[in-house]
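Structure, as C-alpha coordinates:
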Amino acid sequence: MRGSGPLGRAGLALLLMAAGAGAKPRPAATGDQPRSNVVLVACDSLDGRLTFFPGNQTVDLPSISFMKRHGTVFLNAYTNSPICCPSRAAMWSGLFTHLTESWNNFKGLDPDYVTWMDLMEKHGYCAQKFGKLDLTSGHHSVSNRVEAWTRDVDFLLRQEGRPMVKLTGHRKHVRVMEADWQNTDKAVNWIKEEAVNLTQPFILYLGLNLPHPYPSPYAGENFGSSTFLTSPYWLQKVNYEAIKIPKWSSLSEMHPVDYYSSYTKNCTGQFTKEEVRNIRAFYYAMCAETDAMLGEIISALQDTGLLGKTIVIFTADHGELAMEHRQFYKMSMYEGSSHVPLLVMGPGVREQQQIPNIVSLVDIYPTMLDIARIPVPQNLSGYSLIPLLREKAESKVSPRGPRPSWVLSEFHGCNVNSSMYMLRTGKWKYIAYSDGSSVPPQLFDLNADPDELTNVAITFPVIVHSLDKILRSIVNYPKVSSSVQEYNKQQFISWKQSLGHNYSSVIAHLRWHEDWLKSPKKYENAIDKWL
(Lines give C-alpha, C1' and ligand atoms only; values in the text may rest on other atoms or scores of the structure.)
Protein backbone atom coordinates (compact mmCIF):
# COMPACT_ATOMS: atom_id res chain seq x y z
CA MET A 1 0.00 0.00 0.00
CA ARG A 2 3.02 2.23 0.46
CA GLY A 3 3.37 3.24 -3.16
CA SER A 4 -0.20 4.52 -3.35
CA GLY A 5 0.13 7.33 -0.83
CA PRO A 6 -1.29 7.33 2.70
CA LEU A 7 -3.90 5.00 4.09
CA GLY A 8 -7.10 6.40 2.58
CA ARG A 9 -10.71 5.27 3.00
CA ALA A 10 -10.42 2.48 0.41
CA GLY A 11 -7.19 1.19 1.94
CA LEU A 12 -8.73 1.32 5.38
CA ALA A 13 -11.81 -0.61 4.22
CA LEU A 14 -9.55 -3.38 2.87
CA LEU A 15 -7.58 -3.35 6.11
CA LEU A 16 -10.76 -3.60 8.19
CA MET A 17 -11.96 -6.56 6.10
CA ALA A 18 -8.61 -8.27 6.43
CA ALA A 19 -8.55 -7.65 10.16
CA GLY A 20 -12.05 -9.14 10.40
CA ALA A 21 -10.88 -12.14 8.39
CA GLY A 22 -8.36 -13.38 10.88
CA ALA A 23 -5.80 -10.70 11.71
CA LYS A 24 -7.69 -9.63 14.82
CA PRO A 25 -5.63 -9.50 18.03
CA ARG A 26 -5.57 -12.85 19.79
CA PRO A 27 -6.35 -13.50 23.46
CA ALA A 28 -3.75 -12.52 26.05
CA ALA A 29 -0.45 -14.32 25.63
CA THR A 30 0.53 -16.31 28.71
CA GLY A 31 2.93 -19.03 29.72
CA ASP A 32 5.16 -20.30 26.95
CA GLN A 33 3.48 -18.40 24.12
CA PRO A 34 5.89 -16.20 22.15
CA ARG A 35 6.32 -12.65 23.32
CA SER A 36 4.58 -10.00 21.24
CA ASN A 37 6.41 -7.68 18.90
CA VAL A 38 5.94 -3.99 19.79
CA VAL A 39 5.70 -0.90 17.58
CA LEU A 40 5.64 2.54 19.21
CA VAL A 41 4.80 5.53 17.01
CA ALA A 42 5.38 8.78 18.91
CA CYS A 43 4.55 12.06 17.21
CA ASP A 44 5.12 15.63 18.40
CA SER A 45 2.37 18.02 19.57
CA LEU A 46 -0.83 16.05 18.96
CA ASP A 47 -3.77 17.08 21.17
CA GLY A 48 -5.06 13.85 22.73
CA ARG A 49 -8.66 15.12 22.71
CA LEU A 50 -8.73 14.61 18.92
CA THR A 51 -8.80 10.82 19.47
CA PHE A 52 -12.30 10.66 20.99
CA PHE A 53 -15.64 12.49 20.94
CA PRO A 54 -16.23 15.40 20.43
CA GLY A 55 -12.68 16.37 19.35
CA ASN A 56 -12.65 13.63 16.71
CA GLN A 57 -15.43 15.45 14.81
CA THR A 58 -13.04 18.16 13.58
CA VAL A 59 -10.76 16.05 11.37
CA ASP A 60 -10.75 12.65 9.64
CA LEU A 61 -8.15 10.40 11.32
CA PRO A 62 -8.79 6.93 9.84
CA SER A 63 -5.73 5.19 11.30
CA ILE A 64 -6.57 6.33 14.82
CA SER A 65 -10.18 5.22 14.22
CA PHE A 66 -8.85 1.82 13.10
CA MET A 67 -6.81 1.50 16.31
CA LYS A 68 -9.89 2.40 18.38
CA ARG A 69 -11.99 -0.22 16.58
CA HIS A 70 -9.37 -2.94 17.09
CA GLY A 71 -7.92 -1.80 20.38
CA THR A 72 -8.12 0.61 23.28
CA VAL A 73 -8.09 4.39 23.62
CA PHE A 74 -7.15 6.13 26.88
CA LEU A 75 -9.44 9.11 27.52
CA ASN A 76 -7.23 10.74 30.15
CA ALA A 77 -3.56 10.36 29.17
CA TYR A 78 -1.13 13.15 30.05
CA THR A 79 2.41 14.27 29.39
CA ASN A 80 4.67 14.48 32.43
CA SER A 81 6.16 17.72 31.12
CA PRO A 82 4.58 19.69 28.24
CA ILE A 83 7.71 20.25 26.14
CA CYS A 84 9.72 17.97 23.83
CA CYS A 85 12.89 16.82 25.62
CA PRO A 86 11.68 16.64 29.26
CA SER A 87 8.54 14.77 28.17
CA ARG A 88 10.54 12.23 26.19
CA ALA A 89 13.02 11.87 29.06
CA ALA A 90 10.07 10.86 31.27
CA MET A 91 8.70 8.43 28.67
CA TRP A 92 12.04 6.70 28.09
CA SER A 93 13.08 6.60 31.78
CA GLY A 94 9.74 5.94 33.50
CA LEU A 95 10.63 8.71 35.96
CA PHE A 96 9.06 12.08 36.76
CA THR A 97 10.85 15.19 35.53
CA HIS A 98 12.10 16.29 38.98
CA LEU A 99 13.80 12.87 39.30
CA THR A 100 15.57 12.99 35.91
CA GLU A 101 16.21 16.76 36.40
CA SER A 102 15.32 17.29 32.75
CA TRP A 103 14.52 20.95 33.33
CA ASN A 104 14.29 22.25 29.75
CA ASN A 105 14.83 21.30 26.11
CA PHE A 106 18.62 21.48 26.63
CA LYS A 107 18.65 19.23 29.71
CA GLY A 108 17.49 15.64 29.19
CA LEU A 109 18.82 12.18 30.05
CA ASP A 110 22.49 11.25 29.97
CA PRO A 111 23.45 9.53 26.68
CA ASP A 112 24.18 6.23 28.50
CA TYR A 113 20.88 6.14 30.42
CA VAL A 114 19.32 2.63 30.34
CA THR A 115 15.93 2.95 28.62
CA TRP A 116 13.18 0.33 28.27
CA MET A 117 14.42 -0.30 24.72
CA ASP A 118 17.91 -1.11 26.03
CA LEU A 119 16.43 -3.61 28.48
CA MET A 120 14.21 -5.20 25.83
CA GLU A 121 17.23 -5.61 23.56
CA LYS A 122 19.22 -7.13 26.43
CA HIS A 123 16.37 -9.62 26.98
CA GLY A 124 16.25 -10.92 23.42
CA TYR A 125 14.29 -8.34 21.42
CA CYS A 126 15.59 -7.03 18.11
CA ALA A 127 15.45 -3.24 18.52
CA GLN A 128 15.19 -0.62 15.77
CA LYS A 129 14.41 3.10 15.86
CA PHE A 130 13.81 5.76 13.23
CA GLY A 131 13.11 9.47 13.41
CA LYS A 132 12.89 11.93 16.28
CA LEU A 133 14.16 10.79 19.70
CA ASP A 134 15.07 14.04 21.53
CA LEU A 135 15.51 12.55 25.00
CA THR A 136 19.17 13.33 25.81
CA SER A 137 20.86 16.58 26.85
CA GLY A 138 22.48 19.12 24.54
CA HIS A 139 19.89 19.69 21.81
CA HIS A 140 17.72 22.63 20.62
CA SER A 141 18.72 26.22 19.94
CA VAL A 142 20.80 28.56 22.09
CA SER A 143 17.72 30.84 22.19
CA ASN A 144 15.62 28.05 23.62
CA ARG A 145 17.97 27.42 26.55
CA VAL A 146 18.78 31.09 27.28
CA GLU A 147 15.07 31.91 27.38
CA ALA A 148 14.58 29.10 29.92
CA TRP A 149 17.53 30.22 32.05
CA THR A 150 16.44 33.88 32.14
CA ARG A 151 12.75 33.40 32.87
CA ASP A 152 13.17 34.88 36.39
CA VAL A 153 14.63 38.11 34.96
CA ASP A 154 12.35 41.13 35.32
CA PHE A 155 11.67 41.72 31.62
CA LEU A 156 9.07 40.73 29.04
CA LEU A 157 10.23 39.95 25.49
CA ARG A 158 8.51 38.31 22.54
CA GLN A 159 10.41 35.10 21.77
CA GLU A 160 8.44 33.81 18.77
CA GLY A 161 7.11 34.97 15.45
CA ARG A 162 3.38 35.65 15.42
CA PRO A 163 1.54 32.35 14.73
CA MET A 164 0.47 32.11 11.08
CA VAL A 165 -0.67 29.64 8.42
CA LYS A 166 0.87 28.74 5.08
CA LEU A 167 -0.64 26.67 2.28
CA THR A 168 1.76 24.74 0.07
CA GLY A 169 1.44 22.46 -2.96
CA HIS A 170 -1.76 21.31 -4.64
CA ARG A 171 -4.75 19.04 -4.04
CA LYS A 172 -2.68 15.91 -4.64
CA HIS A 173 0.32 17.03 -2.56
CA VAL A 174 0.51 14.31 0.12
CA ARG A 175 4.08 14.34 1.43
CA VAL A 176 4.30 17.81 2.97
CA MET A 177 6.58 16.88 5.91
CA GLU A 178 9.12 15.06 3.76
CA ALA A 179 11.57 14.18 6.58
CA ASP A 180 8.81 12.38 8.49
CA TRP A 181 7.69 10.53 5.35
CA GLN A 182 11.27 9.39 4.73
CA ASN A 183 11.53 8.01 8.27
CA THR A 184 8.13 6.34 7.83
CA ASP A 185 9.41 4.77 4.58
CA LYS A 186 12.47 3.46 6.44
CA ALA A 187 10.29 1.93 9.14
CA VAL A 188 7.96 0.36 6.52
CA ASN A 189 10.92 -1.09 4.60
CA TRP A 190 12.42 -2.44 7.82
CA ILE A 191 9.14 -4.20 8.64
CA LYS A 192 8.88 -5.69 5.14
CA GLU A 193 12.54 -6.64 4.66
CA GLU A 194 13.92 -7.30 8.16
CA ALA A 195 11.16 -7.79 10.75
CA VAL A 196 9.29 -10.32 8.64
CA ASN A 197 12.34 -12.64 8.66
CA LEU A 198 13.19 -12.39 12.37
CA THR A 199 13.03 -15.44 14.62
CA GLN A 200 13.04 -13.24 17.76
CA PRO A 201 10.44 -10.63 18.77
CA PHE A 202 11.13 -7.00 17.78
CA ILE A 203 10.59 -3.53 19.18
CA LEU A 204 10.30 -0.78 16.55
CA TYR A 205 10.15 2.94 17.39
CA LEU A 206 9.15 5.66 14.92
CA GLY A 207 9.42 9.29 16.04
CA LEU A 208 7.60 11.95 13.99
CA ASN A 209 8.03 15.75 14.01
CA LEU A 210 4.46 16.40 12.93
CA PRO A 211 2.13 17.98 13.88
CA HIS A 212 4.67 20.37 15.47
CA PRO A 213 4.52 23.83 13.82
CA TYR A 214 7.18 24.61 11.20
CA PRO A 215 10.05 27.12 11.49
CA SER A 216 9.23 30.76 10.69
CA PRO A 217 12.21 32.28 8.86
CA TYR A 218 10.16 35.42 8.14
CA ALA A 219 10.68 36.34 11.82
CA GLY A 220 14.38 37.13 11.20
CA GLU A 221 17.51 35.47 12.58
CA ASN A 222 17.27 32.71 15.18
CA PHE A 223 13.59 32.30 14.32
CA GLY A 224 11.25 29.98 16.19
CA SER A 225 8.53 27.66 14.87
CA SER A 226 5.21 29.44 14.58
CA THR A 227 4.02 28.43 11.09
CA PHE A 228 1.14 25.97 10.65
CA LEU A 229 1.81 24.59 7.17
CA THR A 230 -0.12 22.07 5.10
CA SER A 231 -1.40 21.34 1.58
CA PRO A 232 -4.96 21.43 0.17
CA TYR A 233 -4.90 17.61 0.22
CA TRP A 234 -4.83 17.55 4.02
CA LEU A 235 -6.94 20.65 4.55
CA GLN A 236 -9.89 18.93 2.87
CA LYS A 237 -9.85 16.34 5.70
CA VAL A 238 -10.85 19.08 8.17
CA ASN A 239 -14.48 19.80 9.05
CA TYR A 240 -14.44 23.61 9.28
CA GLU A 241 -17.98 23.67 10.73
CA ALA A 242 -16.85 21.65 13.75
CA ILE A 243 -13.91 23.93 14.62
CA LYS A 244 -14.47 25.62 17.97
CA ILE A 245 -13.26 29.20 18.31
CA PRO A 246 -11.83 29.28 21.85
CA LYS A 247 -13.01 31.89 24.34
CA TRP A 248 -10.28 34.18 25.67
CA SER A 249 -10.04 36.08 28.93
CA SER A 250 -9.14 39.75 28.58
CA LEU A 251 -5.40 40.39 29.00
CA SER A 252 -6.03 42.09 32.36
CA GLU A 253 -7.94 39.06 33.70
CA MET A 254 -5.31 36.46 32.72
CA HIS A 255 -3.39 34.50 35.33
CA PRO A 256 0.05 36.19 35.60
CA VAL A 257 1.89 33.12 34.25
CA ASP A 258 -0.57 32.83 31.34
CA TYR A 259 0.01 36.47 30.48
CA TYR A 260 3.79 35.93 30.41
CA SER A 261 3.29 32.85 28.18
CA SER A 262 0.93 34.63 25.81
CA TYR A 263 3.25 37.64 25.54
CA THR A 264 6.48 35.67 24.97
CA LYS A 265 4.66 33.54 22.37
CA ASN A 266 3.65 36.75 20.54
CA CYS A 267 -0.08 36.14 21.03
CA THR A 268 -1.19 39.29 22.89
CA GLY A 269 -1.91 41.24 19.66
CA GLN A 270 -5.21 41.30 17.78
CA PHE A 271 -6.37 38.12 16.02
CA THR A 272 -9.53 37.88 13.94
CA LYS A 273 -11.83 34.88 14.32
CA GLU A 274 -10.85 33.90 10.78
CA GLU A 275 -7.14 33.86 11.72
CA VAL A 276 -7.81 31.71 14.78
CA ARG A 277 -10.07 29.33 12.81
CA ASN A 278 -7.39 28.96 10.12
CA ILE A 279 -4.60 28.26 12.61
CA ARG A 280 -6.73 25.54 14.15
CA ALA A 281 -7.78 24.12 10.76
CA PHE A 282 -4.20 23.98 9.48
CA TYR A 283 -3.11 22.32 12.73
CA TYR A 284 -5.83 19.68 12.35
CA ALA A 285 -4.71 19.10 8.74
CA MET A 286 -1.17 18.50 10.03
CA CYS A 287 -2.67 15.94 12.43
CA ALA A 288 -4.33 14.21 9.45
CA GLU A 289 -0.94 13.89 7.74
CA THR A 290 0.49 12.41 10.95
CA ASP A 291 -2.36 9.89 11.06
CA ALA A 292 -1.54 8.78 7.49
CA MET A 293 2.03 7.90 8.54
CA LEU A 294 0.64 5.76 11.36
CA GLY A 295 -1.54 4.13 8.69
CA GLU A 296 1.50 3.21 6.61
CA ILE A 297 2.97 1.35 9.60
CA ILE A 298 -0.29 -0.51 10.27
CA SER A 299 -0.55 -1.42 6.55
CA ALA A 300 3.04 -2.76 6.51
CA LEU A 301 2.30 -4.96 9.53
CA GLN A 302 -0.89 -6.15 7.83
CA ASP A 303 0.86 -6.88 4.50
CA THR A 304 3.53 -8.99 6.23
CA GLY A 305 1.11 -10.93 8.46
CA LEU A 306 2.67 -9.38 11.57
CA LEU A 307 -0.31 -7.30 12.72
CA GLY A 308 -1.87 -10.10 14.78
CA LYS A 309 1.44 -10.72 16.58
CA THR A 310 2.30 -7.08 17.29
CA ILE A 311 1.23 -4.63 19.97
CA VAL A 312 0.96 -1.17 18.36
CA ILE A 313 1.11 1.93 20.58
CA PHE A 314 0.46 5.49 19.36
CA THR A 315 1.15 8.57 21.48
CA ALA A 316 2.71 12.05 21.49
CA ASP A 317 5.13 13.96 23.72
CA HIS A 318 2.53 16.69 24.43
CA GLY A 319 -0.34 18.53 22.75
CA GLU A 320 -0.79 21.89 20.99
CA LEU A 321 -2.89 24.80 22.25
CA ALA A 322 -3.65 26.05 18.70
CA MET A 323 -4.78 29.45 20.07
CA GLU A 324 -6.70 28.17 23.10
CA HIS A 325 -6.07 30.46 26.09
CA ARG A 326 -4.55 32.97 23.66
CA GLN A 327 -1.50 30.75 23.07
CA PHE A 328 -0.05 28.35 20.56
CA TYR A 329 2.64 25.70 21.22
CA LYS A 330 2.67 23.76 24.50
CA MET A 331 4.45 24.77 27.80
CA SER A 332 1.09 24.88 29.60
CA MET A 333 -0.98 22.63 31.83
CA TYR A 334 -4.21 23.41 29.95
CA GLU A 335 -5.77 20.37 28.24
CA GLY A 336 -4.73 21.34 24.70
CA SER A 337 -1.08 21.25 25.78
CA SER A 338 -0.95 18.51 28.45
CA HIS A 339 -3.49 15.92 27.20
CA VAL A 340 -1.83 13.37 24.89
CA PRO A 341 -3.18 10.61 22.62
CA LEU A 342 -2.63 7.06 23.84
CA LEU A 343 -3.99 4.15 21.79
CA VAL A 344 -2.99 0.49 22.01
CA MET A 345 -3.99 -2.54 19.93
CA GLY A 346 -2.63 -6.05 19.54
CA PRO A 347 -2.59 -9.51 21.16
CA GLY A 348 -4.56 -9.57 24.40
CA VAL A 349 -5.69 -5.95 24.15
CA ARG A 350 -9.43 -5.51 24.48
CA GLU A 351 -11.12 -4.13 21.34
CA GLN A 352 -13.33 -1.01 21.20
CA GLN A 353 -12.43 -0.18 24.79
CA GLN A 354 -12.34 3.36 26.19
CA ILE A 355 -10.39 3.64 29.44
CA PRO A 356 -11.24 6.61 31.69
CA ASN A 357 -8.38 5.99 34.18
CA ILE A 358 -5.86 8.82 34.43
CA VAL A 359 -2.48 7.71 33.03
CA SER A 360 0.71 9.38 31.81
CA LEU A 361 3.79 8.82 29.66
CA VAL A 362 5.92 7.43 32.53
CA ASP A 363 3.63 4.39 32.28
CA ILE A 364 5.18 3.44 28.92
CA TYR A 365 8.41 2.13 30.55
CA PRO A 366 6.82 -0.49 32.86
CA THR A 367 4.30 -1.38 30.13
CA MET A 368 7.10 -2.20 27.68
CA LEU A 369 8.84 -4.38 30.28
CA ASP A 370 5.55 -6.13 31.07
CA ILE A 371 4.97 -6.93 27.39
CA ALA A 372 8.53 -8.32 27.16
CA ARG A 373 8.06 -10.26 30.45
CA ILE A 374 10.96 -8.45 32.08
CA PRO A 375 10.76 -7.79 35.85
CA VAL A 376 9.69 -4.18 36.42
CA PRO A 377 11.97 -2.11 38.73
CA GLN A 378 10.24 -0.86 41.88
CA ASN A 379 11.66 2.69 41.70
CA LEU A 380 9.73 3.80 38.61
CA SER A 381 7.24 6.68 38.70
CA GLY A 382 5.00 4.90 36.18
CA TYR A 383 2.73 1.84 36.40
CA SER A 384 2.14 -0.79 33.73
CA LEU A 385 -0.91 -0.26 31.53
CA ILE A 386 -1.27 -4.01 30.90
CA PRO A 387 -3.80 -4.66 33.72
CA LEU A 388 -6.04 -1.93 32.22
CA LEU A 389 -5.61 -3.23 28.65
CA ARG A 390 -6.22 -6.94 29.24
CA GLU A 391 -9.56 -8.70 28.99
CA LYS A 392 -9.48 -9.65 32.68
CA ALA A 393 -7.95 -7.74 35.57
CA GLU A 394 -4.56 -9.19 36.52
CA SER A 395 -4.93 -11.72 39.30
CA LYS A 396 -1.64 -10.79 40.94
CA VAL A 397 -1.51 -7.31 42.43
CA SER A 398 1.62 -5.27 41.69
CA PRO A 399 4.15 -5.44 44.55
CA ARG A 400 3.95 -1.64 44.57
CA GLY A 401 0.22 -1.70 45.27
CA PRO A 402 -2.57 -0.31 43.09
CA ARG A 403 -2.13 2.41 40.45
CA PRO A 404 -2.58 5.86 42.03
CA SER A 405 -5.69 7.88 41.10
CA TRP A 406 -3.61 10.93 40.04
CA VAL A 407 -0.96 11.91 37.53
CA LEU A 408 1.77 14.52 37.88
CA SER A 409 2.99 16.89 35.20
CA GLU A 410 5.58 19.61 35.76
CA PHE A 411 7.26 22.29 33.68
CA HIS A 412 10.47 24.28 34.21
CA GLY A 413 11.39 25.59 30.74
CA CYS A 414 10.96 28.62 28.49
CA ASN A 415 7.83 30.78 27.86
CA VAL A 416 6.74 30.34 31.49
CA ASN A 417 8.17 32.52 34.28
CA SER A 418 7.71 30.01 37.10
CA SER A 419 8.04 26.29 37.68
CA MET A 420 4.57 24.75 37.57
CA TYR A 421 3.13 21.48 38.82
CA MET A 422 -0.14 19.90 37.73
CA LEU A 423 -2.01 17.26 39.71
CA ARG A 424 -4.88 15.65 37.80
CA THR A 425 -7.25 13.47 39.82
CA GLY A 426 -10.97 12.73 39.43
CA LYS A 427 -12.70 15.78 37.99
CA TRP A 428 -10.06 18.17 39.33
CA LYS A 429 -6.98 19.73 37.81
CA TYR A 430 -4.82 21.57 40.35
CA ILE A 431 -1.87 23.70 39.20
CA ALA A 432 0.64 25.00 41.75
CA TYR A 433 3.45 27.42 40.96
CA SER A 434 6.96 28.18 42.22
CA ASP A 435 7.10 28.04 46.03
CA GLY A 436 3.34 27.57 46.43
CA SER A 437 2.70 31.07 47.76
CA SER A 438 4.24 33.77 45.55
CA VAL A 439 2.07 32.86 42.51
CA PRO A 440 -1.66 32.05 42.95
CA PRO A 441 -2.66 28.44 42.19
CA GLN A 442 -5.32 27.35 39.70
CA LEU A 443 -8.09 24.80 40.17
CA PHE A 444 -10.39 23.61 37.39
CA ASP A 445 -13.44 21.34 37.55
CA LEU A 446 -13.07 19.56 34.20
CA ASN A 447 -16.59 18.09 34.36
CA ALA A 448 -18.29 21.47 34.73
CA ASP A 449 -15.65 23.48 32.86
CA PRO A 450 -13.86 21.34 30.21
CA ASP A 451 -12.47 24.48 28.51
CA GLU A 452 -10.79 25.56 31.78
CA LEU A 453 -12.12 29.11 31.69
CA THR A 454 -12.93 29.49 35.40
CA ASN A 455 -10.28 29.17 38.10
CA VAL A 456 -12.23 28.02 41.18
CA ALA A 457 -9.27 27.90 43.62
CA ILE A 458 -10.73 30.69 45.77
CA THR A 459 -14.19 29.05 45.76
CA PHE A 460 -12.92 25.66 46.99
CA PRO A 461 -10.12 26.29 49.53
CA VAL A 462 -10.62 22.87 51.18
CA ILE A 463 -10.13 21.08 47.83
CA VAL A 464 -7.03 23.22 47.12
CA HIS A 465 -5.58 22.36 50.54
CA SER A 466 -6.29 18.65 50.05
CA LEU A 467 -4.79 18.50 46.53
CA ASP A 468 -1.77 20.57 47.55
CA LYS A 469 -1.14 18.09 50.36
CA ILE A 470 -1.19 15.19 47.87
CA LEU A 471 1.10 17.13 45.51
CA ARG A 472 3.62 17.81 48.30
CA SER A 473 3.58 14.11 49.24
CA ILE A 474 4.71 13.31 45.67
CA VAL A 475 7.22 16.13 45.20
CA ASN A 476 8.65 18.81 47.49
CA TYR A 477 7.84 21.36 44.83
CA PRO A 478 9.05 24.55 46.58
CA LYS A 479 12.47 22.88 46.95
CA VAL A 480 12.48 21.71 43.31
CA SER A 481 11.54 25.22 42.12
CA SER A 482 14.42 26.66 44.14
CA SER A 483 16.85 24.08 42.65
CA VAL A 484 15.71 25.01 39.13
CA GLN A 485 16.23 28.73 39.84
CA GLU A 486 19.77 28.00 41.05
CA TYR A 487 20.46 25.75 38.04
CA ASN A 488 19.23 28.46 35.64
CA LYS A 489 21.49 31.09 37.18
CA GLN A 490 24.59 28.87 37.18
CA GLN A 491 24.00 27.76 33.58
CA PHE A 492 23.56 31.34 32.43
CA ILE A 493 26.73 32.52 34.21
CA SER A 494 28.76 29.72 32.59
CA TRP A 495 27.32 30.53 29.15
CA LYS A 496 27.96 34.26 29.58
CA GLN A 497 31.57 33.65 30.65
CA SER A 498 32.14 31.34 27.67
CA LEU A 499 31.23 34.18 25.29
CA GLY A 500 33.63 36.78 26.72
CA HIS A 501 33.47 40.05 24.75
CA ASN A 502 30.89 38.61 22.34
CA TYR A 503 28.20 38.34 25.04
CA SER A 504 26.33 41.61 24.31
CA SER A 505 26.17 40.90 20.58
CA VAL A 506 25.10 37.25 20.94
CA ILE A 507 22.36 37.82 23.52
CA ALA A 508 20.92 40.72 21.51
CA HIS A 509 20.46 38.52 18.42
CA LEU A 510 18.58 35.57 19.88
CA ARG A 511 14.90 34.93 19.09
CA TRP A 512 13.89 38.01 21.10
CA HIS A 513 16.07 40.32 18.96
CA GLU A 514 13.18 42.47 17.69
CA ASP A 515 12.31 43.59 21.20
CA TRP A 516 15.83 43.45 22.66
CA LEU A 517 17.39 45.77 20.09
CA LYS A 518 14.93 48.55 20.98
CA SER A 519 16.59 48.92 24.39
CA PRO A 520 19.61 46.59 24.77
CA LYS A 521 21.15 48.37 27.78
CA LYS A 522 17.87 48.15 29.71
CA TYR A 523 17.65 44.37 29.22
CA GLU A 524 21.33 43.76 30.00
CA ASN A 525 20.89 45.74 33.22
CA ALA A 526 17.85 43.63 34.15
CA ILE A 527 20.00 40.49 33.78
CA ASP A 528 22.82 42.01 35.86
CA LYS A 529 20.32 42.85 38.59
CA TRP A 530 19.04 39.24 38.54
CA LEU A 531 22.57 37.84 38.76
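The values are calculated or read from the model by the stated rules, or taken from the named source; none is laboratory data. For clarity, every value in this text was computed on a predicted model and none was experimentally measured. Because the Cβ atoms are built from the backbone with ideal geometry, glycine has one as well, and the counts that use them run over all protein chains shown. Heads up: the accessible areas ignore ligands, DNA and RNA and are worked out on the full protein's heavy atoms, side chains in. Shrake-Rupley method; radii C 1.70, N 1.55, O 1.52, S 1.80 Å.
Taking the Cα centroid of the stretch 158-231 and of the stretch 310-370, what is the distance between the two, rounded to the nearest whole Å?
Their Cα centres are 19 Å away from one another.
Please state the shape class of the stretch 44-197: rounded when a/c is under 1.5, otherwise prolate if a/b exceeds b/c and oblate if not, all from the C-alpha gyration tensor.
Values: a/c = 1.59, a/b = 1.15, b/c = 1.39.
Oblate, because a/c is 1.5 or more while a/b does not exceed b/c.
Once a ≥ b ≥ c are taken as the square roots of the eigenvalues of the Cα gyration tensor of the stretch 132-252, is the result rounded (a/c under 1.5), prolate (a/b larger than b/c) or oblate (a/b not larger than b/c)? Before the final figure, lay out the partial values.
Values: a/c = 2.32, a/b = 1.40, b/c = 1.65.
Verdict is oblate for the stretch 132-252.
As a test, work out the antiparallel percent of DSSP beta bridges whose residues both lie in the chain, rounded to the nearest 5.
On the way: 28 of 57 bridges.
Bridges in the chain are about 50 percent antiparallel.
What is the diffusion coefficient of the stretch 484-530 in µm²/s, taking the Kirkwood radius over Cα pairs and the Stokes-Einstein relation at 20 °C with a viscosity of 1.002 mPa s? Before the final figure, lay out the partial values.
On the way: Rh = 11.4 Å.
Taking Rh from Cα pairs, D becomes 189 µm²/s.
Could you point to the residue in Tyr260, Thr272, Ala127 farthest towards the positive end of the chain's charge dipole, with +1 and -1 charges on the Cβ of Lys/Arg and Asp/Glu respectively?
Sorting the options by dipole projection puts first Ala127.
Looking at [x] 100, 59, 48; [y] 97, 47, 40; [z] 69, 56, 49, which value of Cα extents along the principal axes in Å comes from a calculation on the structure shown?
It is the value labelled [z].
Quick one: which of 34-43, 470-479 comes out on top by average Cβ neighbours within 10 Å, and what's the full order, highest first? Before the final figure, lay out each step's value.
Details: 34-43: 23.0, 470-479: 16.0.
Top to bottom by mean Cβ count within 10 Å: 34-43, 470-479.
What part of the accessible area of the stretch 403-531, given as a whole %, is carbon or sulfur when the probe is 1.4 angstrom?
Details: 3290 of 6110 Å².
In the stretch 403-531, the share of accessible area belonging to carbon and sulfur is 54 percent.
What shape does the stretch 327-472 take by its C-alpha gyration tensor, where a ≥ b ≥ c are the square roots of the eigenvalues and a/c under 1.5 counts as rounded, a/b above b/c as prolate, and the rest as oblate? Each step should come with its number before you reach the end.
Working: a/c = 1.95, a/b = 1.86, b/c = 1.05.
In terms of gyration-tensor shape, prolate.
Carbon-plus-sulfur fraction of the accessible area of the stretch 163-277, 1.4 Å probe, in percent?
50 percent
Net charge around Val376, counting only other residues with Cβ within less than 9 Å of its Cβ (Lys, Arg = +1; Asp, Glu = -1)?
Working: positive: Arg400; negative: Asp370.
Local charge sum for Val376: 0.
Residues of the chain: accessible area per residue at 1.4 Å, in Å²? Please report the intermediate quantities before stating the final value.
Working: 20920 Å² over 531 residues.
Ligands and nucleic acids excluded, the figure is 39 Å² per residue.
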